[in-house]
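Chemist: Sending over a structure as structure tokens; questions will come in a sec.
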Amino acid sequence: MTGMTPDAAGPTVINRYESPAAWRDVDAYFSALLVPEDDALVAARESGAATTMPNAEVAPNQGALLGLLTHLSGARRVLEFGTLAGYSTIWFARAVGPQGRVVTLELEEHNAQIARTNLRRAGVREWVDVQVGPAAESAQRLIDDGAEPFDLVFIDADKPSNPAYLAAALRLTTSGAVIVIDNVVRDGAVTDRDSDEPRVQGVRAVAQDIATNPELDATALQTVGIKGWDGVIIARRR
Ligand SMILES: C[S@@+](CC[C@H](N)C(=O)[O-])C[C@H]1O[C@@H](n2cnc3c(N)ncnc32)[C@H](O)[C@@H]1O
């Protein structure tokens with residue numbers, strides 16, 4: 001994923017994994033100061049390299065934000081679309097604690113196996129349910145089974161499916177639930193209404209769905225850092 005960001009020498013193409021040094025330095029400073037990772041989080045993050053989507057996990061300070069949102073909202077049940085190696089899952093699982101529950105949906109069995117190992121190492125495996133298969137199908141199964149409502153939903157899987165995942169999240173939550181959607185800025189490409197990139201259109205479509213849903217209060221924040229220029233939508237069900 002690349003985008004155009006102006007600098008003194010003119011527009012520079014920025015790869016999300018080659019952020020400007022200043023962005024990386026600030027992330028490193030605050031993460032080291034405020035978000036020290038234990039060995040289990042480091043191992044989970046580093047094991048992302050062995051998954052089908054290396055480096056696609058959230059940054060440490062973003063993981064901490066997810067944990068804080070979970071605490072701040074008092075969430076006990078979290079649903080995650082997109083597990084990868086379980087890095088964000090660990091942040092959620094630690095935030096809800098052993099009395100809580102995290103259900104995380106992952107397409108690839110290979111990634112799920114890596115995630116299970118990481119979750120075990122982090123000491124949270126017992127209250128995390130890793131479900132393998134297309135997330136739309138897994139979510140539909142939760143709906144059909146009458147799953148207890150979730151308090152917080154994190155949407156971080158294939159971006160073209162964002163509208164479908166939001167629709168499922170609305171069927172799996174009730175009033176007060178928090179819904180977080182990752183990677184909504186995409187190096188600024190989100191503002192290109194004519195983009196032929198399905199991931200961009202997936203973000204624009206879900207943003208439109210949120211905007212026209214009277215049940216949802218929401219905002220979007222841009223972020224820069226070790227993951228490039230991106231951002232999140234944070235929504236709450238009234
Ligand atoms: C951005 S990564 C998730 C990162 C993870 N949430 C974290 O921060 O540590 C996206 C994940 O979604 C998974 N994925 C892609 N398409 C999917 C689908 N249709 N159903 C379920 N998972 C899918 C990918 O295999 C990948 O593991």
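The values are calculated or read from the model by the stated rules, or taken from the named source; none is laboratory data. What you see is a predicted model; the values in this text were computed from it and never measured. Cβ sites come from the backbone with ideal geometry, for glycine too, and all protein chains shown count toward neighbours. The accessibility values were calculated without ligands, DNA or RNA, using every heavy atom of the protein model including side chains. Shrake-Rupley method; radii C 1.70, N 1.55, O 1.52, S 1.80 Å.
Chemist: Do you know which residues across the stretch 102-144 are surrounded by fewer than 21 Cβ atoms within 10 Å (Cβ to Cβ) and closer than 22 Å to E37 by Cα?
Modeler: Q113, R116, T117, R120, R121, G123, R125, E126, W127 - these are the residues of the stretch 102-144 that are surrounded by fewer than 21 Cβ atoms within 10 Å (Cβ to Cβ) and closer than 22 Å to E37 by Cα.
Chemist: Filter the stretch 117-149 for residues that are part of a loop (DSSP other than H, G, I, E, B) and either closer than 16 Å to R171 by Cβ or near the ligand (Cβ under 9 Å from one of its atoms) (or both) and give the result. Spell out the reasoning first.
Modeler: Quick first cut of the stretch 117-149, residues part of a loop (DSSP other than H, G, I, E, B) only: 122-124, 133-134, 145-149.
G133, P134, D145, G146, A147, E148, P149 - these are the residues of the stretch 117-149 that are part of a loop (DSSP other than H, G, I, E, B) and either closer than 16 Å to R171 by Cβ or near the ligand (Cβ under 9 Å from one of its atoms) (or both).
Chemist: Same structure, new question: Which one is nearest to V203 (Cα to Cα) among residues in the stretch 150-172 that are open to solvent by less than 10 Å² (accessible area, probe 1.4 Å) and part of a strand (DSSP E or B)?
Modeler: Out of the qualifying residues, it is I155.
Chemist: What do you reckon, is G48 open to solvent by less than 10 Å² (accessible area, probe 1.4 Å) and within 12 Å of the chain's Cα centre (by Cα)? Steps first, answer last, please.
Modeler: On the way: open to solvent by less than 10 Å² (accessible area, probe 1.4 Å): yes; within 12 Å of the chain's Cα centre (by Cα): no.
So G48 does not fit the description; no.
Chemist: Among the residues of the stretch 180-238, what is the count of those that are among the β-branched types (V, I, T), part of a helix (DSSP H, G or I) and surrounded by 15 or more Cβ atoms within 10 Å (Cβ to Cβ)? Outline the logic, then answer.
Modeler: Restricting attention to the stretch 180-238, the residues satisfying the condition of being among the β-branched types (V, I, T) are 180-181, 184-185, 190-191, 200, 203, 206, 210, 212, 219, 223-224, 226, 232-234.
Next, only the ones that are part of a helix (DSSP H, G or I) stay: 190-191, 200, 203, 206, 210.
After this cut, where a residue has to be surrounded by 15 or more Cβ atoms within 10 Å (Cβ to Cβ) as well, the list is 190, 200, 203, 206, 210.
Summing the residues that are among the β-branched types (V, I, T), part of a helix (DSSP H, G or I) and surrounded by 15 or more Cβ atoms within 10 Å (Cβ to Cβ) in the stretch 180-238 gives 5.
Chemist: Another one. So for the stretch 27-44 (the condition being in contact with a strand residue (DSSP E or B) (Cβ under 7 Å, 6 or more places away or on another chain) and either at pLDDT below 95 or more than 21 Å from A115 (Cα to Cα) (or both)), does at least one residue qualify? Steps first, please.
Modeler: If we filter the stretch 27-44 for residues that are in contact with a strand residue (DSSP E or B) (Cβ under 7 Å, 6 or more places away or on another chain), which is where we start, we get 27.
Still in the running and either at pLDDT below 95 or more than 21 Å from A115 (Cα to Cα) (or both): 27.
Yes, there is a match, as at least one residue in the stretch 27-44 is in contact with a strand residue (DSSP E or B) (Cβ under 7 Å, 6 or more places away or on another chain) and either at pLDDT below 95 or more than 21 Å from A115 (Cα to Cα) (or both).
Chemist: Then there is this: Quick one: how many residues across the stretch 67-90 are part of a helix (DSSP H, G or I) and either buried (at least 24 other Cβ atoms within 10 Å of the Cβ) or at pLDDT below 95 (or both)?
Modeler: 5
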